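**Student:** Dropping a structure here in structure tokens format, bear with me for questions.
Here, each number is a calculation from the coordinates, and none is a lab measurement. Just so we're clear, the structure is a prediction, and the values are computed from it rather than from any experiment. Cβ: placed from backbone, ideal geometry, glycine included. Neighbour counts: every protein chain shown.
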Amino acid sequence: MPLSTGFNHVATLSTDLDRLAAFYKDAFDADVIFSMEEEGDHPRMFIIDLGGGAALNAFQVPEEALIGERRRIGGRGAIDHYAVAVDSVETLRTMPDRIVAAGGEVGEIQRLGGEWSLFFRDIDGMELEVCCKADD
């Protein structure tokens with residue numbers, strides 16, 4: 001049995017933390033639970049509560065600090081994307097409208113192994129995923 005209990009947080013970069021936080025609030029009802037202004041070499045930071053003990057630690061950086069191509073697999077670096085979990089396929093089915101209303105883009109809901117999955121692009125164009133366990 002693993003010693004870990006899962007992921008605590010994922011760190012990401014954005015050129016506009018306020019816009020990113022608004023996207024996660026609108027799409028996932030996620031709240032900023034901690035904020036820190038830029039201090040020395042530490043950039044402005046938000047911790048966004050995604051529920052279930054998971055958080056998104058977002059750092060605001062200038063455009064030129066973003067490396068790679070967020071829209072191309074393999075161009076996003078060693079970690080390609082992260083997935084936000086929801087409790088059921090019923091909740092997952094509400095996500096396309098919520099994500100689009102928040103300013104994102106969505107693909108189609110699909111079955112991948114023992115899960116249902118929806119790939120989407122957030123307000124910064126980063127490809128991400130929402131998923132839930134399949135009941136059968």
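**Student:** Which residues in region 86-112 have a backbone N closer than 20 Å to a point placed 7 Å from the Cα of residue 135 along the Cα-to-Cβ line?
**Tutor:** Only 86-96, 109-112 fall inside the zone, counting backbone N under 20 Å.
**Student:** Compute the relative contact order of region 1-113 as a whole-number percentage, counting only Cα pairs closer than 8 Å that sit 6 or more residues apart in sequence.
**Tutor:** It comes to 26 percent, rounded to a whole number.
**Student:** For the chain, give me the percentage of DSSP beta bridges that are antiparallel, rounded to the nearest 5 percent.
**Tutor:** If I count the DSSP bridges inside the chain, around 75 percent turn out antiparallel.
**Student:** Still on this structure, please answer the following. If I compute log10 I(q)/I(0) by the Debye sum over Cα atoms at q = 0.09, 0.11, 0.16, 0.19 Å⁻¹ from the structure I just sent, which labelled value in (i) -0.41, -0.56, -0.86, -1.04; (ii) -0.27, -0.41, -0.87, -1.21; (iii) -0.22, -0.33, -0.74, -1.08 lines up?
**Tutor:** Evaluating log10 I(q)/I(0) by the Debye sum over Cα atoms at q = 0.09, 0.11, 0.16, 0.19 Å⁻¹ on these atoms matches (ii).
**Student:** Explain nothing, just the number: dipole magnitude of the chain about its Cα centre with +1 on each Lys and Arg Cβ and -1 on each Asp and Glu Cβ, in debye rounded to the nearest 20.
**Tutor:** 340 debye
**Student:** Counting other beta carbons within 10 Å of each residue's own, what order do 31, 49, 87, 122 fall into, fewest first?
**Tutor:** Ranked by crowding around the Cβ, least crowded first: 87, 31, 49, 122.
**Student:** A further question on this structure: Quick one: order 10, 100 by neighbouring beta-carbon count within 10 Å, fewest to most.
**Tutor:** The most exposed by this proxy come first: 100, 10.
**Student:** Which angle from 0 to 90°, rounded to the nearest 10, does the C-alpha axis of helix 17-28 make with the longest principal axis of the chain?
**Tutor:** 10 degrees
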